[in-house]
Amino acid sequence: MAQINQNYRKLAAGYLFPEIARRSKSYLEAHPGTHLHRLGIGNTTEALPPAIIEGLREQVERLASNATYSGYGDEQGSLPLREALVSYYKAWGVNLQADEFFISDGAKADAANIQSLFVEDSIVAIQDPAYPVYVDSNVIAGRSPSFDHSRGYYDKFVYLQGLEEEGFVPSVPTEKVDLIYLCNPNNPTGAVANHEQLKGFVTYALKHKAVIIYDAAYSEYISDATLPKSIYEIEGAQQCAIEINSFSKFAGFTGVRLGWTIVPHALVSEESEVGELHKMWYRRQCTFFNGASNIAQAGGLAALTPEGLVQSRATVAYYMENARIIREGLLGLNLKVYGGDNAPYLWVKTPLGLSSWQFFDKLLNECQVIATPGSGFGPAGESFIRFSAFGHRENIVAAMQSIKDNLRLENQNER
Ligand code: PLP
């Protein structure tokens, strides 16, 4: 008799985006013909730059002839791409080897799957608020017995709260944990840990033989040169951290699908031998994955050429100008705005004591703007809302104009 994995039943409902869609739909039904300004979604909107298009096109052409056709490639990813990534990291002083990189079809799957390297009763520490995949993948893997509805937390997980007064960067755990998920720059708060703060986590992990799973999907959005872009900029991190990254938000590959994970040879956990975790991830990828698309990898390689980097960074700069426009607009209304300077997300304190969802409704009803309620990313996100800087400039400008013209902030009786 086949039995289901009961851990799926423990997952709290994926409430956030379906609920946003439901409220938007019912608003449109009540106000037919209205245009909604969508500043909620973390999806890229701008066309790929010419250098990347050329790389993708050339690989498609190679597939068109028997002489240049290629089928399955190396499970770990094409060697030229991994070597290009080695050079990419060298630019900020990080020395890695090509065989420490595992090319994937995106960061989300790696962020979900990496936990399979660790024993089921591992104690997991997760940022609150955070991108949901870290929590959900560990629930499915059986690391929490239940969801505590009164607190909004899964039992047995250790939550590292990003608090306003601490700039939303959490402190290291106060108890012993085995796995620590860090999303830096953080989605949704846009906060970025500095060297000292990351060093605190690395020191903790080395002391407790914990492993840090470091999601750096937005590292290319860090413009402050004093902030670390990779956890491996911190001494000792190769012994205690796995870094996951993506071409999605850096090169506009959300639909093309390409990412990478670094499992250094030096990485160790409580009882593993040096090199064992690297070998385990290699084994896992060879068993469960047949390599990323060779077309996507050719595009990734093109993105890492000098020309590709310049062009991709110009797209990142375009989104960051959107972020600046959003920030200026919201600050002009005396709202409290965080993030948006080293990340494409702005984390905005709800005014008038409104909850995240109440402010969502107010923006929708008064301004026809959709943002993402902070409480959907974890209990510590309550009383915040996330604005995304991904969008065409004219839409961003129109959304901000609508907020400026229509948002009523003087009414204290909104609740
Ligand atoms: N990690 C973070 C923090 C994200 O916000 C996202 C997407 O929004 C991802 C990973 C997913 O990346 P990918 O498109 O490479 O799967």
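The values are calculated or read from the model by the stated rules, or taken from the named source; none is laboratory data. Predicted, not measured: the structure shown is a model, and the values here were computed from it. Counting neighbours? That spans all protein chains shown, and the Cβs are built from the backbone with ideal geometry, glycine included. Ligands, DNA and RNA are stripped out before the accessible areas are found, and what is left, the full protein with its side chains, is counted by its heavy atoms. Shrake-Rupley method; radii C 1.70, N 1.55, O 1.52, S 1.80 Å.
General remarks:
- Total residues in the stretch 24-46, condition in contact with a helix residue (DSSP H, G or I) (Cβ under 8 Å, 6 or more places away or on another chain) and surrounded by 15 or more Cβ atoms within 10 Å (Cβ to Cβ): 10
- Flag for Phe359 being at negative phi and open to solvent by less than 10 Å² (accessible area, probe 1.4 Å): yes
- Thr68 being touching a Lys or Arg at 6+ places or on another chain (Cβ under 7 Å), open to solvent by 40 Å² or more (accessible area, probe 1.4 Å) and modelled with pLDDT of 95 or more: yes
- Residues of the stretch 215-236 that turn out to be of a type in the set (Phe, Trp, Tyr) and under 19 Å from Ala389 (Cβ atoms), as a count: 2
- Scanning the stretch 162-173 for residues that are surrounded by fewer than 21 Cβ atoms within 10 Å (Cβ to Cβ) and more than 17 Å from Ile213 (Cα to Cα) yields Leu163, Glu164, Glu165, Glu166, Gly167.
- Test: residue in the stretch 261-273 that is in contact (Cβ under 8 Å) with a residue 12 or more places away in the chain and closer than 20 Å to Ile41 by Cβ: no
- Unmet criterion (only one of (1) at pLDDT 95 or above; (2) open to solvent by 30 Å² or more (accessible area, probe 1.4 Å); (3) in a loop (DSSP other than H, G, I, E, B)) for Phe390: (2)
- Strands (runs of 3 or more DSSP E) wholly inside the stretch 62-167 containing at least 2 residues that are touching a strand residue (DSSP E or B) at 6+ places or on another chain (Cβ under 6 Å) and within 16 Å of the ligand (Cβ to nearest atom): 101-104, 124-128
- Tally, over the stretch 244-283, of residues that are open to solvent by 40 Å² or more (accessible area, probe 1.4 Å) and away from the ligand (no atom under 16 Å from the Cβ): 10
- Residue check, Ala2 of a type in the set (A, V, I, L, M, F, W, C), modelled with pLDDT of 95 or more, surrounded by fewer than 14 Cβ atoms within 10 Å (Cβ to Cβ) and farther than 26 Å from Tyr181 by Cα: yes
- Selected residue (criterion: surrounded by the fewest Cβ atoms within 10 Å (Cβ to Cβ)) from residues of the stretch 201-243 that are within 13 Å of the ligand (Cβ to nearest atom) and more than 18 Å from Gly275 (Cα to Cα): Glu220
- Checking every residue in the stretch 207-221 against the condition of being part of a strand (DSSP E or B) and either among the polar types (S, T, N, Q) or farther than 21 Å from Pro188 by Cα (or both) gives at least one match.
- Selection of the stretch 16-70 for residues being over 30 Å from Glu321 (Cα atoms) and outside the structural domain of Asp136 (by TED's automatic domain parsing) yields Arg22, Ser26, Glu29, Ala30, His31, Pro32.
- Cross-chain or 6+ apart pairs with Cβ under 6 Å, the stretch 340-368 first and among the basic types (Lys, Arg), then open to solvent by 20 Å² or more (accessible area, probe 1.4 Å): Lys349/Lys336
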